[in-house]
Amino acid sequence: MKFSSSRFIARSSSRDSLVWIDRISIGVILLSLAGASFYFLWQRAGLHREIAAIRLRHESEDRAILESKAEHVQGLLREIYEGGRAIAMLPDVRNIEGKNKTPGARMGGARERQSSQAEKTVRELYDVFSAGTRVSEIYCVLKGFHPDLTGNGTKGERPFFEVVGEEPRPGAAAEDEDNAYESEEYAWLAKEVRRMEAVAQGSRLSPTLSPELVTCGDHDGADHTSADSRRGFILAVPFYHHASGRFSGVIAMIFQKSAWEKILAGSSTNGLSGRFLLVRSDTGMRISDASEPAMKAEMERTPLQSPALIRLALEERGFPGWDLYYRWDEADLQWDIGGQTAAFYRRSETVVLLVGALIVLTLLGRRILRTNGALRLRVRELKEAHQRIGEQNALLDEAQDAIFMFGLDFRVQLWNRAAERFYGFAAADARGRDAREVLFSRAAGVVPTMEDILAAGKWVGELIYKVAEGKALTVESHWLVLHDEQGKPKAIFVVDSNMTEKKSFEAQLRRAQRMENVGALASGVAHDLNNALTPVIVGMQLLEETRDEEGRRGLQQTILSSALRGTAMVKQILGFVRGTQGVDGEVQIRHLIEEMVKIVRDTFPKTITIESRMGKDLWPICGNVTELHQVLLNLCVNARDAMMPGGGRLMLSAENVTLDAKEVEGREGVVPGKFLVLAVADSGSGIPAHVLPKIFEPLFTTKDPDKGTGLGLSTVAGIVRRMGGFISVESTIGIGTKFLIHLPALISSEKKEMEEKLERGELPVGGGEKILLVDDDNTVRRLSKVMLENYGYRVVTATNGLEAVSLFSHQMETIDLVISDVDMPYMDGIDVAAALHLKKASVPIVLISGSELTKEQLAGIDRESLGFLIKPYTVEGLIREVARHTGAVAPRG
């Protein structure tokens with residue numbers, strides 16, 4: 001094939017241009033994406049800075065609001081704490097003692113009684129601190145009386161002074177005063193008085209604040225029957241006696257939570273109500289400025305660690321344990337942030353549109369440039385492909401094998417010159433025509449179907465075609481399925497190699513091998529023929545002297561059996577020498593082995609013991625009987641040579657086996673399934689291990705040049721492979737060798753053994769039919785005439801073919817059957833049959849020969865009206881063949 005450097009350079013240049021177009025396009029797109037990415041990153045960083053500034057601004061504003069609210073809360077707390085400390089320092093309070101109390105005294109309302117000076121002092125304190133609803137009650141609890149707070153004191157004594165508003169507390173009737181001692185505030189006061197009394201020795205105590213609890217009452221006139229509506233806290237202020245300085249008791253100021261919430265809400269302005277939360281950190285008490293219940297509940301449920309709350313610790317401002325929280329409005333923050341984010345996305349959207357437009361334009365330009373370049377390149381490639389196809393076709397035309405291709409519709413697409421020579425069709429005539437019509441209709445054997453070849457992907461087999469002048473062309477055909485770019489089958493590519501000469505050469509080799517084997521059997525055959533002829537000669541002499549009828553019948557039977565034995569031997573030897581091929585068919589291996597055992601038993605030295613063993617219900621096989629004879633005979637002759645001169649034991653056996661895929665792995669052309677195994681085993685010297693791999697090679701032999709050609713085992717292996725089987729060997733030095741032949745079983749075939757089991761009836765007799773008997777041997781002609789007449793036929797005879805044609809011309813209307821020998825002078829039996837069929841095509845003819853006739857010998861003769869007999873034949877064989885053509889069925893009477 002020529003190589004064009006300029007074409008290669010042009011194609012490379014076009015491809016390089018396409019590559020540079022792609023590179024530039026990719027570069028533009030990458031730069032656009034990189035610039036857009038950098039812009040987005042820069043804008044996003046600016047957005048983050050803007051959001052951080054917005055958060056900082058909102059936080060500053062919220063902190064300022066919290067600071068402003070804290071001033072009001074600090075004033076409220078300062079008033080409470082400083083007022084408590086001022087109470088403890090009042091002279092009237094410092095003069096309060098236990099002896100100043102009045103039993104059962106209670107200030108306020110219709111139950112007011114005469115009180116002590118101490119109670120009046122507490123009353124005055126209440127008047128001062130209850131202004132603005134900050135204080136709902138004031139207690140004065142004295143030390144030493146705290147056990148009575150639980151109801152265990154002297155009956156009628158009050159360990160404290162309680163001052164309330166103008167109206168009595170709901171549910172606090174005089175006769176039911178003991179209920180007050182069960183409230184949470186009394187329990188906490190008792191505990192706190194005990195604690196202060198225990199730690200007040202020599203030290204001054206600070207006021208303490210209770211946790212949130214349920215108080216006993218309020219004076220705001222609201223309905224406080226519910227415990228949740230009376231929740232509050234107590235400020236316990238310790239006081240000391242003015243003279244002794246000892247701890248005297250506690251002034252308890254009761255504060256209602258609802259009152260404080262109102263005060264806290266009253267200070268909220270500018271729509272900030274419901275956003276503040278005053279928390280006592282050590283007790284967990286929360287006071288919200290929310291007025292709506294839902295908002296208040298939400299404020300009290302909000303975790304103090306929530307990012308929605310801003311905390312201001314009041315401890316640094318002199319109020320330890322108090323924190324003020326502000327719930328900032330996230331919606332305002334998100335509104336401001338959303339505005340900045342929307343601006344960011346508007347700017348980004350513009351950039352995305354610009355970059356997208358640039359990318360689209362780049363891709364469009366690339367597509368246009370690539371399409372233009374690809375079209376130019378495609379045109380150039382098509383021209384080059386056309387040139388390559390021409391060069392490839394030239395190469396295909398130079399091939400010695402027939403090469404052709406057809407589509408899935410069997411239309412021929414390719415037909416080289418060798419195909420023209422092989423099949424006689426010019427390429428111009430074959431292309432476009434159906435391959436089945438042009439070629440496959442002339443094939444002998446099975447041509448694979450389209451379904452089979454598409455399923456397998458390829459096929460290899462042997463086909464025989466009828467070509468010009470009636471000649472047969474044997475080819476080894478290789479079929480391959482071609483696929484398109486999508487992997488779908490598009491055509492079948494076929495290469496046919498002419499195997500006619502090879503087959504002829506192989507036949508010559510097999511014939512040579514058969515002759516070699518016949519030569520090896522010659523001495524045994526001669527001996528056995530002499531043994532068969534001796535009873536004939538001696539029996540005929542004794543027959544003349546024997547007068548006893550029973551003795552004569554015995555001698556006649558002996559003479560007949562000896563003659564038949566000699567006939568069988570001659571028939572077997574002729575089959576091997578002539579190598580009649582025939583066609584493959586069903587073979588019952590049992591009969592083949594029995595025949596082979598008889599041959600080797602009659603011809604091998606008597607020092608060799610011949611045995612056979614066959615399994616039950618052996619499967620039939622598909623093969624050629626002559627080839628199988630040759631396979632067994634080759635192996636038996638080799639076994640005989642391995643056991644000579646000492647002799648030994650030869651075993652022929654057969655059995656059924658089933659092989660799976662693993663057992664046939666590595667054996668080309670062998671598929672798993674049912675097999676018939678033939679075994680030939682001997683007790684000879686064995687084959688050395690280094691020789692075993694070579695024994696099936698052509699022309700390899702370990703025998704002397706005058707005793708072996710090296711073709712035997714190679715011929716055996718070739719026959720076995722052709723039948724789809726395989727051969728293996730097992731050998732041990734000094735013990736013997738065993739050859740195993742595996743042949744595929746023909747399981748689905750009909751068994752012919754049934755026909756062999758049918759009992760034969762009596763011989764049929766004729767009804768006076770006229771037979772023309774033609775044979776150049778006077779003895780055979782005379783005896784055959786007597787036999788036919790004895791069974792009811794009329795016979796006219798001719799000594800040669802010319803005489804037979806003349807007689808038939810004059811008597812054709814009365815002649816019902818012609819029996820003719822094949823080997824005759826002047827005009828043989830086949831020519832006689834042809835000539836007689838020209839005169840009367842319907843006349844049946846039985847041809848008698850010493851060997852089987854081939855298809856070539858019978859070409860041009862109507863086989864439907866032909867019958868065949870092999871010499872020597874018996875009376876039964878002749879009479880039954882004649883009856884088959886004349887229709888004689890009546891038993892001999």
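Does Gly338 satisfy the condition of being touching a residue at least 60 places away in the same chain (Cβ under 8 Å) and among the small types (Gly, Ala, Ser)? Give the derivation first.
On the way: touching a residue at least 60 places away in the same chain (Cβ under 8 Å): no; among the small types (Gly, Ala, Ser): yes.
When the stated conditions are applied, Gly338 does not pass them.
A quick yes/no check of all residues on (1) open to solvent by less than 60 Å² (accessible area, probe 1.4 Å); (2) in contact with a helix residue (DSSP H, G or I) (Cβ under 8 Å, 6 or more places away or on another chain); (3) modelled with pLDDT of 75 or more:
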| site | (1), (2), (3) |
| --- | --- |
| Arg49 | no, no, yes |
| Ala53 | yes, no, yes |
| Glu59 | no, no, yes |
| Arg63 | no, no, yes |
| Leu66 | yes, no, yes |
| Lys69 | yes, no, yes |
| Val73 | yes, yes, yes |
| Gly83 | yes, yes, no |
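Only one residue in Ser32, Ser37 is open to solvent by less than 20 Å² (accessible area, probe 1.4 Å), farther than 30 Å from Leu309 by Cα and either modelled with pLDDT of 80 or more or not charged (D, E, K, R) (or both). Which one? It would help to see each step written out before you state the result.
Values: Ser37 fails: open to solvent by less than 20 Å² (accessible area, probe 1.4 Å).
Ser32 is the lone residue from the list that is open to solvent by less than 20 Å² (accessible area, probe 1.4 Å), farther than 30 Å from Leu309 by Cα and either modelled with pLDDT of 80 or more or not charged (D, E, K, R) (or both).
In the set Leu533, Leu560, Leu574, which member is open to solvent by 30 Å² or more (accessible area, probe 1.4 Å), at pLDDT below 65 and part of a helix (DSSP H, G or I)?
Leu574
May I ask you to say which residue of Glu594, Glu668, Glu663, Glu655 is touching a Ser or Thr at 6+ places or on another chain (Cβ under 9 Å) and within 24 Å of Gly718 (Cα to Cα)?
So the residue among Glu594, Glu668, Glu663, Glu655 that is touching a Ser or Thr at 6+ places or on another chain (Cβ under 9 Å) and within 24 Å of Gly718 (Cα to Cα) is Glu594.
In this structure, is Arg370 part of a helix (DSSP H, G or I), open to solvent by 50 Å² or more (accessible area, probe 1.4 Å) and at pLDDT 75 or above?
Considered against the rule, which asks whether it is part of a helix (DSSP H, G or I), open to solvent by 50 Å² or more (accessible area, probe 1.4 Å) and at pLDDT 75 or above, Arg370 comes out as no.
Just name the residue that is modelled with the highest pLDDT out of those in the range 487-519 that are in a loop (DSSP other than H, G, I, E, B) and open to solvent by 40 Å² or more (accessible area, probe 1.4 Å).
Ranking the candidates gives Lys488 first.
Can you tell me which residues in the range 432-448 are open to solvent by less than 60 Å² (accessible area, probe 1.4 Å) and free of Cβ contacts under 8 Å to residues at least 12 places away in the same chain? Please lay out each step first, then the result.
Step one: filter the range 432-448 for residues open to solvent by less than 60 Å² (accessible area, probe 1.4 Å), giving 432, 434-435, 438-440, 443-444, 447-448.
Phe440, the sole residue that qualifies.
Residues are listed down the side, and each one gets a yes or a no for (1) modelled with pLDDT of 70 or more; (2) of a type in the set (Val, Ile, Thr); (3) at negative phi:
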{"site": "Gly165", "(1), (2), (3)": "no, no, yes"}
{"site": "Leu189", "(1), (2), (3)": "yes, no, yes"}
{"site": "Val199", "(1), (2), (3)": "yes, yes, yes"}
{"site": "Cys216", "(1), (2), (3)": "no, no, yes"}
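Of the residues that make up the range 478-486, is at least one in contact (Cβ under 8 Å) with a residue 40 or more places away in the chain and either surrounded by 15 or more Cβ atoms within 10 Å (Cβ to Cβ) or closer than 30 Å to Ser714 by Cβ (or both)?
In the first step, residues of the range 478-486 are kept if they are in contact (Cβ under 8 Å) with a residue 40 or more places away in the chain; the result is 482.
Still in the list and also either surrounded by 15 or more Cβ atoms within 10 Å (Cβ to Cβ) or closer than 30 Å to Ser714 by Cβ (or both): none.
Checked against the condition, which is being in contact (Cβ under 8 Å) with a residue 40 or more places away in the chain and either surrounded by 15 or more Cβ atoms within 10 Å (Cβ to Cβ) or closer than 30 Å to Ser714 by Cβ (or both), the range 478-486 yields no hits at all.
Under 14 Å from Val677 (Cα atoms) and either touching a residue at least 40 places away in the same chain (Cβ under 8 Å) or in a strand (DSSP E or B) (or both) - does that describe any residue in the range 639-650?
The answer is no, given that none of the residues of the range 639-650 is under 14 Å from Val677 (Cα atoms) and either touching a residue at least 40 places away in the same chain (Cβ under 8 Å) or in a strand (DSSP E or B) (or both).
Can you find a residue in the range 678-695 that is modelled with pLDDT of 90 or more, open to solvent by 40 Å² or more (accessible area, probe 1.4 Å), within 15 Å of Thr737 (Cβ to Cβ) and in contact with a strand residue (DSSP E or B) (Cβ under 9 Å, 6 or more places away or on another chain)?
Scanning the range 678-695 turns up at least one residue that is modelled with pLDDT of 90 or more, open to solvent by 40 Å² or more (accessible area, probe 1.4 Å), within 15 Å of Thr737 (Cβ to Cβ) and in contact with a strand residue (DSSP E or B) (Cβ under 9 Å, 6 or more places away or on another chain).
From Ala385, Ala357, Ala428, Ala419, grab the single residue that is part of a helix (DSSP H, G or I) and touching a strand residue (DSSP E or B) at 6+ places or on another chain (Cβ under 8 Å).
Numbers: Ala385 fails: touching a strand residue (DSSP E or B) at 6+ places or on another chain (Cβ under 8 Å); Ala357 fails: touching a strand residue (DSSP E or B) at 6+ places or on another chain (Cβ under 8 Å); Ala428 fails: touching a strand residue (DSSP E or B) at 6+ places or on another chain (Cβ under 8 Å).
Unique residue meeting the criteria: Ala419.
Those residues that are aromatic (Phe, Trp, Tyr) and in contact (Cβ under 8 Å) with a residue 12 or more places away in the chain, I need them from the range 341-393; list them, please.
Within the range 341-393, Phe344 is the sole residue that qualifies.
For (1) open to solvent by 70 Å² or more (accessible area, probe 1.4 Å); (2) at pLDDT 90 or above, each residue gets a yes or a no:
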residue: Glu789; (1), (2): yes, no
residue: Ala798; (1), (2): no, yes
residue: His837; (1), (2): no, no
residue: Ile848; (1), (2): no, no
residue: Ser865; (1), (2): no, no
residue: Thr886; (1), (2): no, no
residue: Pro891; (1), (2): yes, no
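Residue pairs, Cβ under 8 Å, 6 or more apart or interchain, first in the range 544-568 and closer than 30 Å to Leu592 by Cβ, second modelled with pLDDT under 75 and of a type in the set (S, T, N, Q). List them.
Final answer for the pair search is Ser562/Thr534.
The values are calculated or read from the model by the stated rules, or taken from the named source; none is laboratory data. Model, not experiment: these values are computed from the prediction. Note: ideal-geometry Cβ built from the backbone for every residue, glycine included; neighbour counts use all protein chains shown. Accessible surface is based on the protein model in full, side chains and every heavy atom, while ligands, DNA and RNA are left aside. Shrake-Rupley method; radii C 1.70, N 1.55, O 1.52, S 1.80 Å.
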